[in-house]
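*Asks:* Take this structure, written in structure tokens, and hold onto it; I'll ask about it next.
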Amino acid sequence: DPSGTFVQLRVNLVQTACGKRAPRRHNCRTVENRRKPTCLACYKFDNGDVPKVLDKYHNCGPSHHLTVKEIKHRDEAECRAVEEAGKASSDGLYLPGMFAFSKGLPA
């Protein structure tokens, strides 16, 4: 994509029986019947030598007032908006303040 690089990352988390400061965290067993949140992150980077973040979106865990289907639709819409960041559209909208003109005085 000439406008930059889009990255989408989805991670499924599980709760373990180990404490946060446990020295051997790789041997932890998972706790059954606990919440298993899915985290989503979307990033859009420009194509510079040192890429800059043009836009980003993060969501980790459920929003209690939304259903799973609503969360999925919101996440998809937010990530599409992030993916579009930096793209110049030929049918773009005019926004107030995009252009400024001044009238020159007669010489």
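The values are calculated or read from the model by the stated rules, or taken from the named source; none is laboratory data. Just so it is clear, the model here is predicted, and its values are computed rather than measured. A quick note on method: Cβ atoms are made from the backbone with ideal geometry, for glycine too, and the neighbour counts reach across all protein chains shown. Just the protein is used for accessible areas: all its heavy atoms, side chains included, with ligands, DNA and RNA removed. Shrake-Rupley method; radii C 1.70, N 1.55, O 1.52, S 1.80 Å.
*Asks:* Considering only residues that are over 17 Å from Ala77 (Cβ atoms) and in a strand (DSSP E or B), look in segment 40-59 and name the one that is least open to solvent (accessible area, probe 1.4 Å). Please lay out each step first, then the result.
*Replies:* First, the residues of segment 40-59 that are over 17 Å from Ala77 (Cβ atoms): 45-54.
Within this subset, residues satisfying the condition of being in a strand (DSSP E or B) are 45, 53-54.
Details: Phe45: 60, Val53: 78, Leu54: 77 Å².
Out of the qualifying residues, it is Phe45.
*Asks:* Right, another one. Hey, any hits in segment 62-73 for a residue that's in a loop (DSSP other than H, G, I, E, B) and either within 12 Å of Gly4 (Cα to Cα) or modelled with pLDDT of 90 or more (or both)? I'd like the intermediate steps shown before the answer.
*Replies:* We begin by selecting, within segment 62-73, every residue in a loop (DSSP other than H, G, I, E, B); these are 62-67.
Checking which are either within 12 Å of Gly4 (Cα to Cα) or modelled with pLDDT of 90 or more (or both) leaves us with none.
Looking for residues that are in a loop (DSSP other than H, G, I, E, B) and either within 12 Å of Gly4 (Cα to Cα) or modelled with pLDDT of 90 or more (or both), one finds none in segment 62-73, hence no.
*Asks:* Report, by residue number, each residue of segment 26-39 that is open to solvent by less than 40 Å² (accessible area, probe 1.4 Å) and within 30 Å of Thr5 (Cβ to Cβ). Walk me through how you get there before you give the answer.
*Replies:* So in segment 26-39, the residues open to solvent by less than 40 Å² (accessible area, probe 1.4 Å) come out as 28, 31, 37, 39.
Within segment 26-39, Pro37, Cys39 meet the criteria.
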